[in-house]
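**Student:** Let me give you the structure first, and then I'll get to my questions.
The values are calculated or read from the model by the stated rules, or taken from the named source; none is laboratory data. Just so it is clear, the model here is predicted, and its values are computed rather than measured. A quick note on method: Cβ atoms are made from the backbone with ideal geometry, for glycine too, and the neighbour counts reach across all protein chains shown. In case anyone asks, the SASA skips ligands and DNA or RNA and just uses the protein heavy atoms, side chains included. Shrake-Rupley method; radii C 1.70, N 1.55, O 1.52, S 1.80 Å.
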Amino acid sequence: MSPQLFVVRQWTRLTYSSFLLRSNYSQSSLQLLSKSFSSFICKTCFVANLFKTHQILHASNCRMSEGVDRSLYTLPADQPIVGLEVKSAFNGLSDKEKQYAHFLSKASWVGGLVTLIQTSVESGPIFVLLHKLFSNQSCSDFKAACLQNGLSEDDVHALYVYASGVFANAGNYKGFGDTKIIPNIESETFEKLLQASKVWSELQPIWQVIKNIIYDLEKSKTCLGINPEGCTTYLSKNCTSADNEAVLKWLKSNHLELWNTRLFKTTSEDGKVEYEIRLAAKETKELKRETKENVTYRLTAGDYSPLMSKIAEYLEKAVPYAANEVQQNMLKSYVSSFSTGSLDEHKNGSRFWIKDKSPAVENYIGFIETYRDPTGVRGEFEGFVAVVNREMSAKFNTLVSEAEKFLPLLPWNKNFEKDKFLKPDFTSLDVLTFAGSGIPAGINIPNYDDIRQSEGFKNVSLGNVIPASYQATVNPFLSEADGELLQKYRIPAFELQVGLHELLGHGSGKLLKKEHDGTLNFPSDLIDPLTGATVQTFYEPSDTYDSKFGSLSSAYEECRAEAVGLYLSLEPSVLNIFGHSGPEADDIVYVNWLSLVWAGAGRGLEMWAPGRGWLQAHSQARFVLAQVLIQAGVVRVTQTAKDDLLVTLDKTQIKGAGRNAIGHFLLQLQTYKATGDFKAAEALFNHYSQVNEPWLSWRSIVLAKKQPRKIFVQSNTFNENGKITLKTYESTPEGLIASWVDRFDDSDNLHKALLDLSKKDAHHFQ
């Protein structure tokens, strides 16, 4: 081979590899491109042919997306943006408490950047593109420059809304529903907007890499999931469910769990497989390696290393401002976990957290919820900091103190309930900081089974989130009277449901388990209430609920907790705790049931897609409960016009047929969960989850009246000469963008970290 030809070949190979990293084609398209590469590898005209092929494939991708309703993936121009009011609660803190909250918030916001890497391969670069743009130019100055360059106010506003969506959802996929978010402007217009900025020269290299993938609406890119039905960065693209099961089995044999991991699979030319199970950690190293036949398992540490390092640094700065030794030990355990990747250290931190009763400043941080891992076992990073609302917390504490008298009211016997109810801390909090892909209304954590079952947990209601969520809400598919009643009582009804859902829903129920020494935590002759025979299935020593129930675990458990809330909301003594009695209490119970039924039957299908199934755990859970009540004759859904539905709940049946139906279904849910009978649980849940006619036909009606979820603007804290101050922002896209510009002290290094992390593992996902 001549030296000249050798150089051409090497250069074209590099060009080809680089090109693939910057493209976003389907597998079939990549095969065509590879074929083109092979055909022209020995020809000096390869580059021309390569880019010709690129144009053909890009056009092909555009054609493939033409049949997609783009409005399902864009945020509307009137996207509701609301503020989280926390100023009064923050002002009530002491100077030391404000310092503590400040450094915890800093740690949480950096941790939220980890979620970008967990969401999609392009989320990090998109964030950097937008954050760089607005960090170097105010929204008003940028808008003026755009208008001078012939762009319209609508174009600029569309970019602001898209940026708000990316910032608030920690990436370009919705935190609730997992569907992709694309700009509501054409790619060419987006580029012109960027060109009008002062830092176009810095933005251009990033834009060139991601501009096609931002708009890609091929099937595998429209939502999160396992390839080819979706995309994920929790597992490399070549991983299947079978690969995940193999890794689960290996980890179980080594007494390890997957909360803070990702999985990367590589296959050599001779067919040997290597699984890298990578722990999130500051330190980068190999911890364990084992080869079985042609399969090697490697446990490593170092995922998200530069971000984990910064999180640990901020947590260390919070230690001197902790209120007590328990908080100090909690933070030190978290620092150790985030530095080394040790899940045991995070569990230790969680144990200290449980013992930290009713702090003025509450927080939790780490890899927590498994909703977005398509296999249901890996946690998404989340961090929150909040201030206690003492008035509402008093009601929740009363609920906790009386919980032991409510648990026996649930439809299972004491052998299916924990041996001892571990009274948790239950507080209502005003959120100061919530970093991650979305903000819930309530939380029950930690999620570790071994801690929850025997040591305890905490319940948290996010008090300022609830009223903010219901600002300017429209309620289609209800009668005028029901709509008015819902508006009047939905906040107190939701506070009631959150309290019961978190404390007695997630906090109830026992897992029947065989211990390492062979003993059982239940009587060997225990009768299964559904079959009348002795219990046949249970959890083995290294089993957890998530490992047994996998991708079903989140929706199933949310359904169980929601059902507990419905069931116990009928108890007058529960209602009295929240200050409800007489006819008003009946209205609040009705609104509580109506709200959940409407969320399931009237809105649930927003989170279901043909060929994909359910995209969101809570929506699936509420749809299931609505179906249970429909089959019981308590709920009716009718089509009243070509483009309208009516959801009705028979108020007279709630305490009779409604209670009986929910009670029996709840018994089934708990029995299957307690015994680890995944097969029976899946059959039951799938029966009620199925979307058949008339629901298939009604889906278009539901989607036509879909209401966008609120985006929350959060405050920032600043250290000004040793004094911590709070800054609030307008409830507009411009205000939200300004809050994100102000959020980080070390933007340049964080930008570099995000770009480097995205680039490092890009080949695993393409």
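**Student:** Extending each Cα 7 Å along its Cβ direction at SER268 and THR534, get the distance between those two points in nm, one decimal.
**Tutor:** About 5.0 nm, to one decimal.
**Student:** Working from Cα positions, state the angle (0 to 90°, nearest 10) between the long axis of helix 678-689 and the longest principal axis of the chain.
**Tutor:** Result, in degrees: 90.
**Student:** To continue, here is another question. About the Cα centre, and with charges only on the beta carbon of Lys, Arg (+1) and Asp, Glu (-1), how big is the dipole of the chain? Nearest 20 debye, please.
**Tutor:** 1320 debye
**Student:** Just to confirm, what accessible area per residue do you get for the range 122-208 at 1.4 Å probe, in whole Å²?
**Tutor:** Values: 2910 Å² over 87 residues.
I get 33 Å² per residue for the range 122-208.
**Student:** Semi-axes of the range 536-591's equivalent ellipsoid from the Cα gyration tensor, sqrt of 5 times each eigenvalue, largest first, rounded to whole Å?
**Tutor:** Values: eigenvalues 256, 28, 13 Å².
Square roots of five times the eigenvalues give 36, 12, 8 Å.
**Student:** Rounded to the nearest 20 debye, what is the charge dipole size of the range 453-593 about its Cα centre when +1 sits on each Lys and Arg Cβ and -1 on each Asp and Glu Cβ?
**Tutor:** Numbers: 8 positive and 20 negative charges, 37 e Å.
Here the size comes out at about 180 debye.
**Student:** Moving on. When the helix-only estimate is applied to the chain (DSSP H runs of n ≥ 4, each -39,500 (n - 2.57), divided by the residue count), what is the mean residue ellipticity at 222 nm, nearest 500 deg cm²/dmol?
**Tutor:** Details: 29 runs with 373 residues, N = 766.
Using -39500 (n - 2.57) per qualifying helix, the result is -15500 deg cm²/dmol.
**Student:** Another one. Sum up the charges of everything whose Cβ sits under 13 Å from the Cβ of ILE277, counting Lys and Arg as +1 and Asp and Glu as -1, but leave ILE277 out.
**Tutor:** On the way: positive: LYS249, LYS252, ARG262, LYS265, ARG278, LYS288, ARG289, ARG298, ARG378; negative: ASP243, GLU257, GLU274, GLU276, GLU286, GLU290, ASP303.
Residues close to ILE277 contribute a combined charge of +2.
**Student:** What shape does the range 509-624 have by the C-alpha gyration tensor, where a ≥ b ≥ c are the square roots of the eigenvalues, rounded means a/c under 1.5, and otherwise prolate means a/b greater than b/c and oblate the rest?
**Tutor:** Working: a/c = 2.88, a/b = 1.40, b/c = 2.06.
It is oblate, given that a/c is not under 1.5 and a/b is not larger than b/c.
**Student:** Pairing the Cα long axis of helix 27-40 with the longest principal axis of the chain, what angle in degrees results, from 0 to 90 and rounded to the nearest 10?
**Tutor:** Orientation of helix 27-40: about 10 degrees from the principal axis.
**Student:** In whole percent, what relative contact order does the range 351-412 give with Cα contacts below 8 Å and a gap of six or more residues? Spell out each step's value before the answer.
**Tutor:** Working: 54 pairs, mean separation 16.2, N = 62.
In percent, rounded to a whole number, it is 26.
**Student:** Is the shape of the range 597-642 rounded, prolate or oblate, going by the alpha carbon gyration tensor and its root eigenvalues a ≥ b ≥ c, with a/c under 1.5 for rounded and a/b larger than b/c for prolate? Walk me through the intermediate numbers first.
**Tutor:** Details: a/c = 2.24, a/b = 1.35, b/c = 1.66.
It comes out oblate by the Cα gyration axes.
**Student:** Still on this structure, I have one more. By how many degrees, between 0 and 90 and to the nearest 10, does the Cα long axis of helix 747-760 differ from the longest principal axis of the chain?
**Tutor:** Between the helix axis and the principal axis of the chain, the angle is about 80 degrees.
**Student:** So how far apart, in nm, are the two label points at SER138 and LYS87 if each is 7 Å from Cα heading toward Cβ?
**Tutor:** Each label point is offset 7 Å from its Cα along the Cβ direction, giving 1.9 nm.
**Student:** Calculate the length of the line joining the C-alpha centroid of the range 606-671 to that of the range 497-525, in whole Å.
**Tutor:** Result: 26 Å between the Cα centres.
**Student:** So what is the relative contact order of the chain, in percent, for Cα pairs below 8 Å that sit 6 or more residues apart?
**Tutor:** Rounded, it is 16 percent for the chain.
**Student:** Further, regarding this structure: Toward the positive end of the charge dipole of the range 339-497, about the Cα centre and with charges on Cβ (Lys, Arg +1; Asp, Glu -1), which of PRO467, ILE443, PRO374 goes farthest?
**Tutor:** After comparing all options, I get ILE443.
**Student:** Please identify the GluC sites (Glu not before Pro) of the range 279-324 that satisfy two criteria: DSSP loop assignment and at most 12 other Cβ atoms within 10 Å. Which are they?
**Tutor:** Filter output for the range 279-324: GLU293.
**Student:** Over the range 552-701, what number does the Rg to Rh ratio reach, with both radii from the alpha-carbon atoms and Rh per Kirkwood?
**Tutor:** Numbers: Rg = 15.6 Å, Rh = 16.0 Å.
Expressed as Rg/Rh, it is 0.98.
**Student:** Using +1 at the Cβ of each Lys and Arg and -1 at the Cβ of each Asp and Glu in the chain, identify which of SER454, HIS580, SER700 lies farthest towards the dipole's positive end.
**Tutor:** Toward the positive end, the furthest listed residue is SER700.
**Student:** Hey, another quick one. Can you tell me the dipole magnitude for the range 593-661 around its Cα centre, using point charges on the Cβ only (Lys, Arg +1; Asp, Glu -1), in Debye to the nearest 20? Please list the in-between numbers first.
**Tutor:** Working: 8 positive and 4 negative charges, 41 e Å.
It works out to roughly 200 debye.
**Student:** Can you put ASP643, ASP430 in order of accessible area, largest first, using a 1.4 Å probe?
**Tutor:** Working: ASP643 95, ASP430 25 Å².
The ordering from most to least exposed comes out as ASP643, ASP430.
**Student:** Taking the Kirkwood radius as the inverse of the mean 1/r across Cα pairs, report the Rg/Rh of the range 367-517.
**Tutor:** On the way: Rg = 17.4 Å, Rh = 17.3 Å.
Looking at the range 367-517, the ratio lands at 1.01.
**Student:** Among HIS751, HIS763, HIS157, what's the order by accessible area (1.4 angstrom probe), most exposed first?
**Tutor:** Details: HIS751 10, HIS763 115, HIS157 60 Å².
Sorted by accessible area, descending: HIS763, HIS157, HIS751.
**Student:** From the protein chains alone at 1.4 Å, what is the descending order of accessible area for GLU484, GLU362, largest first? Could the numbers behind the result be given before it?
**Tutor:** Values: GLU484 115, GLU362 0 Å².
Listed by decreasing accessible area, they come as GLU484, GLU362.
**Student:** Under 8 Å for C-alpha pairs, at least 6 residues apart: give me the relative contact order for the range 558-650, rounded to a whole percent. Display every interim value, and only then the final one.
**Tutor:** Details: 89 pairs, mean separation 23.3, N = 93.
Rounded, it is 25 percent for the range 558-650.
**Student:** Just to be sure I understand the model, the point goes 7 Å from the Cα along the line to the Cβ. What's the resulting THR240 to ALA641 distance in nm?
**Tutor:** Taking the two extended label points, one gets 5.0 nm.
**Student:** Pick out, from TYR688, GLY509, SER71, the residue whose Cα sits farthest towards the positive end of the charge dipole of the chain, with +1 on the Cβ of Lys and Arg and -1 on the Cβ of Asp and Glu.
**Tutor:** SER71
**Student:** Can you bin the chain into rounded, prolate or oblate? Criterion: square roots of the alpha carbon gyration tensor eigenvalues sorted a ≥ b ≥ c, rounded for a/c under 1.5, prolate for a/b above b/c, oblate for the rest.
**Tutor:** Since a/c stays below 1.5, the shape of the chain is classed as rounded.
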